[in-house]
There are 2 protein chains.
Amino acid sequence: MLKISKKADYALMALQHIAAAQFGDMMPGRVVNTKEIAEEYNIPLELLAKVLQTLAKNALIESHNGPKGGYVLARRAHQITIAQILESIEGPLGITDCSHEKDGEFCMQREHCNIRTPLLKVQDSIAQLLNNMTLQDMMGGTPLITIQSPTAQGVER
Amino acid sequence: MLKISKKADYALMALQHIAAAQFGDMMPGRVVNTKEIAEEYNIPLELLAKVLQTLAKNALIESHNGPKGGYVLARRAHQITIAQILESIEGPLGITDCSHEKDGEFCMQREHCNIRTPLLKVQDSIAQLLNNMTLQDMMGGTPLITIQSPTAQGVER
DNA sequence: TGTTAGTCCGACCTTATTGATCGGAGATCA
DNA sequence: TGATCTCCGATCAATAAGGTCGGACTAACA
């Protein structure tokens, strides 16, 4: 349950790899092409290409055409959150259908729905978690993840 | 992204309803049948029936056959966690495919996989969240949800 | 300046999962 | 014994996910 899609998996791997090619926080760094990533991680080339296109469209990476072309991070690794990556690929976070209902559209169960409020709170907590973790945190062996409580102070792990 | 299934939604609604019929923490309380729940929340009867069967099989509720039969909570509301409910319906928590790999089976990307460790930590955090929230917490208007950091102290919200 | 390696982009197909339905067997109580 | 309920398995349709294909466009380099 609560699985993320393979495409999202691929996106994370690819971004981590592209970020690693930009060693030392230097921007811009080495340009990485689709083939290199696909072979490194055994990802179907065409599928990965589509994932990278999507990421580029969402301004997480920049594409460079032509020979010696490829992808580079559009921002620094610590400015890209996991939430941004996942939402680029899978759309907005929403553990339940009625998460994004505009005024006027209701789910069939709405009138007597007893679980909407608590579920939205769970969702908020997950959103916080993903928003507070960046690509930088996923790099290297360095420890990561802070759980941020709404009343502040993150807890180093 | 990270959506839970409709079946899981139905399970949560149904359990909340059954729990509500056991007012005052008295065990056992009023027996609730499938039809009553289905009509109350506009859930397809047959589908709900299957969901309830699954919950019964996982010992979250008890079924009583025959006329005036129906379902009752198998334990008290504060002893049933959201994680247990969701896992009954959707299987074990696993945001990524390789979450439950036994020794010997690896995903294609395993050898160079750079995201496994961080993702597992995210997963742990979500698991904690769902394990610390019970059916009881979903009842009534009472505030709920604690985010528990691994280094202890829950933070009341 | 033309060729070529590479990205870009959209349409398409295939398969797995989810949501939903149906029919009958077994249990219980009036 | 009959009516009412749960139980259980098989089945089907709709949707989303995973993966593929072909053509257009761009930029480096000979």
Practice problem: Quick one: with label points 7 Å out along Cα→Cβ, list the inter-copy distances for B:Ala20 in nm, shortest first? | Solution: 5.2
Quiz prompt | Calculated from backbone phi, Karplus (6.51, -1.76, 1.60) coupling profile of the stretch B:31-46 in Hz, x at Gly/Pro | solution = 7, 10, 9, 4, 4, 4, 5, 4, 6, 4, 10, 6, 9, x, 4, 5
Quiz item: How far apart are the B:Leu120 label points across copies, placing each 7 Å from Cα toward Cβ, in nm, shortest first?
Solution: 3.6
Quiz item: In Å², nearest 100, what accessible area do chains A and B bury in total when the solvent probe is 1.4 Å?
Solution: 5000
Practice problem: Go through the stretch A:70-85 residue by residue and turn each phi into a ³J(HN,Hα) via Karplus (6.51, -1.76, 1.60, θ = phi - 60°); whole Hz please, and just put x for glycine and proline. | Solution: x, 10, 9, 4, 7, 9, 6, 4, 7, 9, 10, 8, 4, 4, 4, 5
Quiz item: Which pairs in the list B:Lys6/B:Lys50; B:Lys7/B:Lys57; B:Lys6/B:Lys121 are over 21 Å apart, alpha-carbon to alpha-carbon?
Solution: B:Lys6/B:Lys121
Practice problem: Can you send over the carbon and sulfur percentage of the accessible area for the stretch A:1-85, probe radius 1.4 Å, protein chains only? | Solution: 51
Quiz item: Across the stretch B:114-123, in residue order, what do the Karplus-derived ³J(HN,Hα) couplings come to in whole Hz, using 6.51 cos²θ - 1.76 cosθ + 1.60 with θ = phi - 60° and x for Gly and Pro?
Solution: 10, 10, 4, 4, x, 5, 5, 6, 4, 4
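The values are calculated or read from the model by the stated rules, or taken from the named source; none is laboratory data. Just so we're clear, the structure is a prediction, and the values are computed from it rather than from any experiment. All Cβ positions, glycine included, derive from the backbone under ideal geometry; neighbour counts span all protein chains shown. The area values use the complete protein model at the heavy-atom level, side chains included, leaving out ligands, DNA and RNA. Shrake-Rupley method; radii C 1.70, N 1.55, O 1.52, S 1.80 Å.
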